[in-house]
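Worksheet: the structure to be examined is printed underneath.
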Amino acid sequence: MEMKEKVASKFEELFGAGAIMYASPGRINLIGEHTDYNGGFVFPGAVDKGIVAAIRPNGTDKVRAFAIDLDQSAEFGLNEEDKPAQSWAHYIFGVCREMQKRGVKVKGFDTAFSGDVPLGAGMSSSAALESTYAFALNELFDGNIDKFELARVGQSTEHNYCGVNCGIMDQFASVFGKKGCLMRLDCRSMEFEYFPFDPKGYKLVLLDSVVKHELVGSPYNDRRASCERVAKMLGQEFLRGATMEQLDAVKDKISDEDYRRARYVIGEERRVLDVCDALQKGDYETVGKRMYETHWGMSKDYEVSCIELDFLATVAEECGVSGSRIMGGGFGGCTINLVKEELYDNFIATAKAKFAEKFGHEPKVYQVVISDGSRRLE
Ligand code: GLA
């Protein structure tokens, strides 16, 4: 059964007829990792995997929510002290609260949802969930909030109700996604451009290590704090725009760890711009080279990789894959790989076999289909 039908029929079974259906996708990111909260560039696109929700206002001041994949329900009010116990419900509760803070008169509703974004793969299942509800509540309760602000609702939900001080990339990509297009977003000015992405002769494929990351709390927030300390030392709001010369000038005043974090971010900013140039020329080999550089920067300087992902990037290189790197926040999840069509079958077979031999299970393989963002389903 298609996800939409599954969600609709579960909703009907639990709450009756009359639901409206909404969906939002997860995302990939070609390059520009851990740059968003540094005011830099990112290069994401929405994917064909996401969250589908059925929603109907219920005329009360309570939300009754059902997570189909977990077979769990939650019921909560809409005041700050009503935060539910279930962690999945924090996302929905947080979105309700953040919409209210922006003046939307959110009332009670019934809802059921399901998703097919692999959890912990670095494809932003949580942003898909937030965007789905932000988009839906905006329509159902006449919110009149623009799409950027809907993305910020999701981001504030992460900050204020889920403990992750994330940037704006994931929620932006989920809300603004467009079929066949990547988006280059300047996270300082919030200007963005759609880039049709159809690399002739290449495939874009994700290999999921199935190692789960835990962004909540420390490791992600620590990286961000390092960047903010260095930016402050340089007298800037963001690391964006800082040069290696400037960084080297304060090297003695900051920890070695902060130095390496900042070095990665400064390099990554350059790489995103290089990739944009290369894409305009159809030069996918340069795109791929920069992806490898990002991988090893994230691994050695930013220290958000793990042995499984380093292994996958190494196998990719051995197989002649043009580009491969860890994708998303890190600490597990996927590599994103740009591979020539003629090398594809061998790469997948080799990566599966070698990975299984070393880690006892195969990586999962996801073909990337770049798709539309948040929407109401008819
Ligand atoms: C997570 C965050 C994003 C971004 C990426 C790393 O996905 O939610 O804001 O910082 O990590 O690029």
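The values are calculated or read from the model by the stated rules, or taken from the named source; none is laboratory data. All of these numbers come straight from a predicted model, not from anything done at the bench. Ideal geometry is used to build each Cβ from the backbone, glycine not excepted, and the neighbour counts take in all protein chains shown.
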Quiz item: What are the pairs, 6+ residues apart or on separate chains, where a residue within the stretch 159-184 that is at positive phi has its Cβ under 9 Å from a residue that is modelled with pLDDT under 95 and of a type in the set (A, V, I, L, M)?
Solution: Gly163/Leu215; Gly163/Val216
Exercise. Would you point out which residue out of Thr243, Thr294, Thr314 is touching an Asp or Glu at 6+ places or on another chain (Cβ under 9 Å) and among the β-branched types (Val, Ile, Thr)?
Key: Thr294
Exercise. Please indicate, with yes or no, whether at least one residue in the stretch 49-61 is touching a Cys at 6+ places or on another chain (Cβ under 9 Å) and either in the same structural domain as Thr157 (by TED's automatic domain parsing) or surrounded by fewer than 20 Cβ atoms within 10 Å (Cβ to Cβ) (or both).
Key: no
Quiz item: Within the stretch 40-61, how many residues turn out to be farther than 26 Å from Lys179 by Cα and touching a helix residue (DSSP H, G or I) at 6+ places or on another chain (Cβ under 9 Å)?
Solution: 3
Quiz item: For the stretch 201-228, what are the residues that are in contact (Cβ under 8 Å) with a residue 60 or more places away in the chain and out of contact with any helix residue (DSSP H, G or I) (no Cβ under 7 Å at 6 or more places or on another chain)?
Solution: Leu204, Val205, Leu206, Asp208, Val210, Lys212, His213, Glu214, Leu215, Pro219, Tyr220
Practice problem: Kindly indicate whether Glu75 is assigned to a helix (DSSP H, G or I) and away from the ligand (no atom under 16 Å from the Cβ). | Solution: no
Practice problem: Could you grab me the full set of residues in the stretch 348-372 that are charged (D, E, K, R) and either at pLDDT below 95 or under 27 Å from the mean Cα position of the chain (by Cα) (or both)? | Solution: Lys352, Glu362, Lys364, Asp372
Quiz item: Only one of (1) under 19 Å from Lys101 (Cβ atoms); (2) acidic (Asp, Glu); (3) more than 16 Å from the ligand (Cβ to nearest atom) is not met by Asp116, so which one is it?
Solution: (1)
Quiz item: So, in the stretch 155-172, of the ones that are out of contact with any helix residue (DSSP H, G or I) (no Cβ under 6 Å at 6 or more places or on another chain) and modelled with pLDDT of 95 or more, which residue ends up nearest to the ligand (Cβ to nearest atom)?
Solution: Glu158
Exercise. Report, by residue number, each residue of the stretch 229-278 that is free of Cβ contacts under 8 Å to residues at least 60 places away in the same chain, of a type in the set (A, V, I, L, M, F, W, C) and assigned to a helix (DSSP H, G or I).
Key: Val230, Met233, Met244, Leu247, Ala249, Ala262, Ile266, Ala278
Self-check item: Candidates Arg188, Arg152 - the one that is closer than 25 Å to Arg240 by Cα, at pLDDT 95 or above, outside any helix (DSSP H, G or I) and more than 11 Å from the ligand (Cβ to nearest atom)
Solution: Arg188
Self-check item: Criterion (part of a helix (DSSP H, G or I) and either over 21 Å from Glu149 (Cβ atoms) or in the same structural domain as Leu140 (by TED's automatic domain parsing) (or both)) met by exactly one of Ala23, Ala8
Solution: Ala8
Exercise. Taking the residues in the stretch 1-46 that are among the hydroxyl-bearing types (Ser, Thr, Tyr) and within 11 Å of the ligand (Cβ to nearest atom) as candidates, determine which candidate is farthest from Gly59 (Cα to Cα).
Key: Thr35
Quiz item: Scanning for something outside the structural domain of Ser126 (by TED's automatic domain parsing), in a helix (DSSP H, G or I), over 24 Å from the mean Cα position of the chain (by Cα) and not acidic (Asp, Glu), does the stretch 215-225 turn up at least one residue?
Solution: no
